[in-house]
Each structure stands twice: as structure tokens, then as C-alpha cells.
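Let me begin by presenting the structure, written as C-alpha cells, before commenting on it.
What follows is calculated from the coordinates using simple rules that are stated; it is not laboratory data. What you see is a predicted model, and the numbers here were worked out from it, not measured in a lab. Every residue, glycine among them, receives a Cβ derived from its backbone with ideal geometry; neighbour counts consider all protein chains shown.
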Amino acid sequence: MAEIHDHQRAAEWFKHVCRDVHGRLDGLDEGALASYIPELARVDPDHFAIAAMTVAGRSANEGDCDQTFTIQSISKLLMYGLALETHGRDEVLKRAGVAPTGDPFNSIKLDEAHRRAPNPMVNSGAIAIASMVEGDDLAARREVVLALFERYLGRRPEVDEAVLASETVAGNRNRAIGYLLLNEGIITDRVEETLDLYFMQCSILVTAVDLAVIGAAIANHGVHPMTGQQVVAPQVSRDMLTVALTCGMYDYAGEWAYTVGIPAKSGVGGGIVGMIPDVGGIAVYSPRLDAHGNSVRGIRVFEELSEEFDLHVFDADRPWRRNT
Ligand code: DON
């Protein structure tokens, strides 16, 4: 009884702080919408959502939590998990390492010494990982990806066709990366099809609540917080969390690990998902981005929540780990 009471008090405190942080940061309009994909510049820049879900399925939602947006690079994390599950670590490591780069997400630079992409969170690594999705043709491979997302979301994901078309038109830099991977033998065939698959995974629509659920499942060693289903194997979720902590925020990953200390992944759609092992997932949606391509308000929310609730993975006193 006392424990239930504690959970309720903790949940109420967390909700209160989320409301307070949302209210204080609502007026922050620094940053700019991603415009290198024209369709991304058409979203409402003021949208702002904070969503959280614990590994036990308790949730807190504040702001525009029903608003959909494209998942963009956050898809790279789920795709990495899929590649690990279907091909195993050794095969995946042949194509993408685990070293943070300090370079922008769309850098055309490979890990020359190992003839592979530096990590699966930059575009080169993500395209290499997408090439590992099996299937006879694009439709079959799309189905594998959509089924993966369905396991996490608990519903059939939708693709934003306008963003997909826009990504495809604006995707020549990614094509350059794809062909470089082909040239190096990291991708062996069907490079255009793999690029189409990569553009599609980026164009999947989610809400902040969806991202919080995804985060909670990964933080819960792959067990979905609502269905109890094992959506990804525990050892794979460990690798996903590790790479999220070291590479998830691109060239900001070091600062992020230092200040926030929560494994996380961002996307240029404006989403950030953070995963607190054994505790839950936190997601922010706010589409104005900084120079690294990370949501400005998203970073601020995570900084404040990490500080307030001792969520840094190396904090000495992390009561939530035992009390979710
Ligand atoms: O490859 C691209 O350009 C995008 N579709 C995805 C990039 C992304 O989200 C990078 N994020 N911060």
C-alpha cells in the first residue's frame, strides 16, 4: 500500500515538473526547422510535446502529444536492433562500427581502416544497416520494416508520403553515401532500393507518446511496457542503448552524455527519445533544431528533467531505478 502511494506521489511530481518545464520553455523559439528536406519546413514550428512512459506502463503527457511528425533518424535505432537480431553482431560490425564521429550526421566519411561506416546512427551507417533488410523486392523489404515498427507502436505505422517524396527528391547526398558504400563493398547490391527503404523508414509518422513507448520498451530490456511482448532481445537492447549513449545525438553526443547522461536518439523531424534503463522512456517533440540537427527545446527539457530527477545513468542516487 505504501509503495503504491509512493508511485502515485512520484508520478504526480513528475507530471507537475513536466507541466512546469513545458510552460517555461513554450516561449523558447530559438533554432530553425529543417529545410534541406523542403517538406519538413512546412510543419508548425510551435508544436511542443513532452511524453513519458515508465517500464510499468505509467504515463505522463504534456502539450501536443497527439501531433504526428516524421521519425527521421530515430528510426536508425530501431533498424540497428533489427539488423542485430537478424544478422548478429559480427555481420553488423562488418558494416558499421560503434565509434562516435564528432562529424555531422550526413558526413560522407567512412571508417577507412575497417572499411565500414563509423557507426549506425550517422547516415552512412544507417544506409549500410538498411541494406541488411532482407526481401525479394522493395515491397517485401518495406513490409519487414513496417512490421518492426508495428511491434513497437502496437499499430500499423503510417508513412508521410509527402515527406517521403521530398526526401527522395532532396536525397542526392544520401545517394552519394550509398554509392560510396557500394564502391567499398559495404553494400553489395540494390543500392537504389536500399536508399528508397532508408527514405521510407525516415518518413514514418509517430507521436511523442509513440516515442515514449518505444523508449520504455528499449529501457525495459526489450519488453514492451504495455503488451509485455519481447519486441527486441535483451542483449540487442543493450547494444542499442550503448550506441544511443555514445552516438545518438551526433556531434553533440559527448556534451549530451556529460550533461544529460541518458541514452537518446534525435531526428530532424524534431523528436528526441531518451531511454532510462529500468525506468522508462521520455520523448520530446519540438521541431526547431540547432546546428547539430537536434531539437532546441528537446535538449532543454532533457537537461532539466535529468537534473531534477537524477536521471543521469551515472548519478549516485537514482531512486527511480527501484521505484517506477
Ligand atoms: O538522411 C536524412 O537526411 C534524413 N532523412 C534523416 C536525418 C536525420 O534525422 C538526422 N537527424 N538529426
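Quick one: length gained pulling Ala316 to Ala99 fully straight, 0.36 nm per residue minus the C-alpha distance?
On the way: separation 217, 0.36 × 217 = 78.12 nm, distance 2.67 nm.
Gain in length upon complete extension: 75.5 nm.
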In the neighborhood of Thr207, defined by Cβ-to-Cβ distances under 9 Å, what is the net charge if each Lys or Arg adds +1 and each Asp or Glu adds -1? -3
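Compute the signed sum of charges (Lys and Arg +1, Asp and Glu -1) over the other residues within less than 13 Å, Cβ to Cβ, of Leu146.
Working: positive: Arg141, Arg142, Arg151, Arg155, Arg156; negative: Glu143, Glu150, Glu158.
Result for the local shell: +2.
Taking the Cα centre of the chain as origin and charging only Cβ (+1 Lys, Arg; -1 Asp, Glu), how large is the dipole, in debye to the nearest 20?
On the way: 29 positive and 46 negative charges, 106 e Å.
Roughly 500 debye for the chain.
As an exercise, use a Förster radius of 35 Å and the Cβ-Cβ distance of Ala291 and His16 to find the FRET efficiency, rounded to the nearest 0.05. Can you show the working numbers first?
Numbers: r = 33 Å, r/R0 = 0.93.
With R0 = 35 Å, the Cβ-Cβ based efficiency is 0.60.
I'd like the FRET efficiency for Glu30 and Thr259, computed as 1/(1 + (r/R0)^6) with the beta carbon distance as r and R0 of 25 Å, rounded to 0.05.
FRET efficiency, Glu30 to Thr259: 0.90.
Calculated FRET efficiency, Arg155 and Asp6, Cβ-Cβ r, R0 30 Å, to nearest 0.05?
Numbers: r = 33 Å, r/R0 = 1.09.
Efficiency, from the Cβ-Cβ distance: 0.40.
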Quick one: length gained pulling Glu112 to Glu134 fully straight, 0.36 nm per residue minus the C-alpha distance? 5.3 nm
Express the relative contact order of the chain as a whole percentage, based on alpha carbon pairs under 8 Å and six or more residues apart in sequence. 25
